[in-house]
Amino acid sequence: MTTKITQRRGAQMLQKAAGFVRALASLALTVAITLIGLVALTFIIGHVVPIDPVLTVIGDKAPQEVYDRVYQEMGLDRPMIIQFLSYLGEVLRGNLGNSMVSGRSIGSDILRFFPATFELAILGIIIGVGLGIPAGIIAAVKRDTWVDHIVRIVALIGYSVPIFWLALMALLVFYARLEWVGGPGQIDIGYAYSFSRVTGFILIDTALSGSWDVFVNAISHIALPALLIGYYSMAYISRMTRSVMLEQLNSEYVLAARLKGASEYSIVVHHALRNAAIPLVTIVALSFGGLLEGSVLIETVFSWPGLGNYIAQSLLGGDINAVLGGTLVVGTIFVFLNVASDLVYKVLDPRTRALT
């Protein structure tokens, strides 16, 4: 009997291990196909955009023979499929090419500019989650009351008004008129060389320098753009949280809990919110990815030296290689954020694990 039980347990463990391997292989295949599709889409965009990469390199007054020579050196005379395979191979090796304007490696440029965008997005998502989820829960619990209407109006404004207009108005009021915050850029020019850039994150680097006046100055510069993208994130998260919570509060298990005499606090926190947390993981992940992608306008208005501003300036300069490299990085982050949210989803919901 003991031998049979041991064999049965061994078979179950092998079955679970095989299922895990299949799920992992399926996930890896899905991610690989998605990333290849992203590279293909980026490659197509690079050839559809009406920017001549040769003219970006040599200028529009170079003779025709120079144009033809550079055209061949860049491999633009080869068949499209050969160009794509070559581009795909370089991307898989981690080589995003060189900037057509500066000649620097795009990968090194992205590593230099990305921390500023990431730092801004982190602060924005903290504000968005910290305000958006409680606001959405309260709006759902107080449905159709004045509290619900205020939350919905605030969210509608944040979700509908163009963020670049809000940024310009905020700069006019809080910087130019009231002088409550620092202006464009990460730090005042007088502090630019008073600390060492170690991590690329302005708040961490200024704190490590031990000069707290520099740290306070950095906070005054990052506060306004972080609050604005946090408000934008809060608007989306609060709307989605309200929708998810209303669905849970109208469920049969909530009705059964009320009939059993459970308190409203217990129903909201221990029942509805626990089940709402599962889709909220995906909502927060997509919102964070949206902040990384949508920071272009905020970074441009505030002259924030991040990836969004880098992409915008590269586009204005006709540097299509830099634009495609930045776009590919943001798209890859989106893919992995989706994968991470799916994994967390499966951890929180045992039913999804049973289906894999």
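Looking at the structure I just gave you, is GLY289 small (Gly, Ala, Ser) and at pLDDT below 85? Against the criterion (small (Gly, Ala, Ser) and at pLDDT below 85), GLY289 qualifies. Restricting ARG104, ARG93, ARG69 to residues that are farther than 30 Å from PHE288 by Cβ and among the basic types (Lys, Arg) narrows the list to ARG69. Within segment 124-152, no residue that is not assigned by TED's automatic domain parsing to the domain that holds ASN275 sits with its Cβ atom under 7 Å from a residue that is crowded, with 20+ Cβ neighbours inside 10 Å and β-branched (Val, Ile, Thr) at 6+ positions apart or across chains. Screening segment 154-186 for residues that are under 25 Å from the mean Cα position of the chain (by Cα) and β-branched (Val, Ile, Thr) and picking the one that is surrounded by the most Cβ atoms within 10 Å (Cβ to Cβ) gives ILE163. Condition check for ALA277 on (1) more than 28 Å from THR30 (Cβ to Cβ); (2) modelled with pLDDT of 80 or more; (3) out of contact with any Ser or Thr (no Cβ under 7 Å at 6 or more places or on another chain): one failure, at (1).
Among the candidates GLY190, GLY158, single out the residue that is outside any loop (DSSP other than H, G, I, E, B), small (Gly, Ala, Ser) and under 22 Å from VAL296 (Cα atoms).
Numbers: GLY190 fails: under 22 Å from VAL296 (Cα atoms).
Only one candidate passes the filter, namely GLY158.
Here PRO279 meets the list (1) in contact with a Pro (Cβ under 8 Å, 6 or more places away or on another chain); (2) over 30 Å from PHE113 (Cα atoms) almost entirely, failing just condition (1). Out of the residues in segment 265-298 that are surrounded by fewer than 20 Cβ atoms within 10 Å (Cβ to Cβ) and of a type in the set (Ser, Thr, Tyr), which is farthest from GLY185 (Cα to Cα)? Taking the candidates together, the pick is SER266. Kindly indicate whether SER211 is among the hydroxyl-bearing types (Ser, Thr, Tyr) and under 19 Å from GLU299 (Cβ atoms). In short, no. Just one of (1) surrounded by 10 or more Cβ atoms within 10 Å (Cβ to Cβ); (2) of a type outside the set (Gly, Ala, Ser); (3) at pLDDT 75 or above fails for ARG93. It is (1). Put simply, of GLY261, GLY331, GLY317, GLY308 the only residue that is modelled with pLDDT of 80 or more and over 21 Å from GLY128 (Cα atoms) is GLY331.
A Cβ distance below 6 Å, combined with a sequence gap of six or more or placement on separate chains, defines the contacts here; from segment 35-49, residues that are without any contact (Cβ under 8 Å) to a residue 24 or more places away in the chain reach no residue that is surrounded by 14 or more Cβ atoms within 10 Å (Cβ to Cβ) and among the hydrophobic types (A, V, I, L, M, F, W, C). Within segment 290-310, can you find the residues that are assigned to a helix (DSSP H, G or I) and either touching a strand residue (DSSP E or B) at 6+ places or on another chain (Cβ under 9 Å) or more than 21 Å from TYR159 (Cβ to Cβ) (or both)? LEU307, ASN309, TYR310, listed by residue number.
Results for (1) in a helix (DSSP H, G or I); (2) touching an Asp or Glu at 6+ places or on another chain (Cβ under 8 Å); (3) not assigned by TED's automatic domain parsing to the domain that holds GLY306, shown as yes or no for each residue.
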{"residue": "GLY185", "(1), (2), (3)": "no, no, no"}
{"residue": "ALA218", "(1), (2), (3)": "yes, no, no"}
{"residue": "ILE222", "(1), (2), (3)": "yes, yes, no"}
{"residue": "LEU228", "(1), (2), (3)": "yes, no, no"}
{"residue": "TYR231", "(1), (2), (3)": "yes, no, no"}
{"residue": "VAL244", "(1), (2), (3)": "yes, no, no"}
{"residue": "LEU273", "(1), (2), (3)": "yes, no, no"}
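Restricting to segment 193-216, count the residues that are more than 27 Å from LEU131 (Cβ to Cβ) and not in a loop (DSSP other than H, G, I, E, B). Result for segment 193-216: 6.
Where the second residue is among the basic types (Lys, Arg) and assigned to a helix (DSSP H, G or I) and the first is closer than 15 Å to TYR231 by Cβ and assigned by TED's automatic domain parsing to the domain that holds ALA312 and lies in segment 155-178, which pairs have Cβ atoms under 9 Å and are six or more apart or on separate chains? If the second residue must be among the basic types (Lys, Arg) and assigned to a helix (DSSP H, G or I), the pairs left are ALA155/ARG239; ALA155/ARG242; LEU156/ARG239; TYR159/ARG239.
Output the residue which, of all residues in segment 103-123 that are without any contact (Cβ under 8 Å) to a residue 24 or more places away in the chain and of a type in the set (S, T, N, Q), is surrounded by the most Cβ atoms within 10 Å (Cβ to Cβ). Taking the candidates together, the pick is SER105.
Among the criteria (1) outside any helix (DSSP H, G or I); (2) touching a residue at least 40 places away in the same chain (Cβ under 8 Å); (3) over 24 Å from the mean Cα position of the chain (by Cα), the one GLN83 does not fulfil is (1).
The values are calculated or read from the model by the stated rules, or taken from the named source; none is laboratory data. Values in this document were obtained by computation on a predicted structure and should not be read as measured data. Methodologically, a virtual Cβ is constructed for each residue, glycine included, from the backbone with ideal geometry; neighbour enumeration extends over all protein chains shown.
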